[in-house]
1. For 214, 90, what's the fewest-to-most ordering of other Cβ within 10 Å of each Cβ?
2. Using Cβ counts within 10 Å as a stand-in for footprinting exposure, how do 88, 244, 253 rank, fewest first?
3. Hey, could you pull the Cα Rg and Dmax for the stretch 31-126, both in Å?
4. Cβ neighbours within 10 Å, averaged per peptide: list 192-200, 33-41 in order, most packed at the top.
5. Counting pairs of alpha carbon atoms under 8 Å apart in space and at least six apart in sequence, what relative contact order in percent does the stretch 31-126 give?
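Please treat every number below as a calculation from the coordinates, not as lab data. Predicted model only: the values in this text are computed from it and were never measured. Backbone-built Cβ (ideal geometry, glycine too); neighbour counts: all protein chains shown.
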């Protein structure tokens, strides 16, 4: 069957000729390189970090070794407070100490980047207040895998939406346990798998309780086994995180998630990635994290 794959692809391309719109190559060649900036701040930061690079025009045929920019002037400012972010050659990003420049909820921050050749970009974001993650429920469900019933373990997060404003959220987490049968004994850490899009808005539930999609914990296990037997060893610790997001953070990462989910589908529409970097590309956003630990001993 594989030998006919190229033929089916050719037929598809021929059938789509009438949908094609001609693009003048000169329109693409005239686009100059822009600065690309990624910086996300939070009151829980252990380091303030920003990545700076340069875009590459589509028709640029010059050899490229590295698009990262290492000699830019990068700074964060809010009100009368400001701090420079210094490039770290080993970590390959610009950084500063949040103990010197703490990030505070409710404050608006400005990010400015300037290169020695005169390119300059800037962006602003406001740090959201923390929204408490009120409850985490552990549960399981039976699924069929190759016609064999298996058990999937999952968690759901519950929280109350902040009132009188538009709000954006993301759920994530880590669960850890001792590796059963490992010698020497070692801890295992795995991310909670939110198979559905882990981003949420309050457009339909303003100021009402909100609940996450299922966040799966590891792979499936035989349906006749208890939670820990042979697969998990106590203590089992789930670190559940709820992120209250700035609009810029939400729009950028939600688009990246949709792009990731459709990148293997040849029929999917392109997902445009939004930017709030004035004069450039990328995102400067903020979030505030609320954490609940669930421990089973």
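1. If I rank by nearby Cβ atoms, fewest first, I get 90, 214.
2. Starting with the residue having the fewest Cβ neighbours, the order is 88, 253, 244.
3. Looking at the stretch 31-126, its Cα Rg and Dmax stand at 14.5, 45 Å.
4. Top to bottom by mean Cβ count within 10 Å: 33-41, 192-200.
5. Computed value for the stretch 31-126: 27 percent relative contact order.
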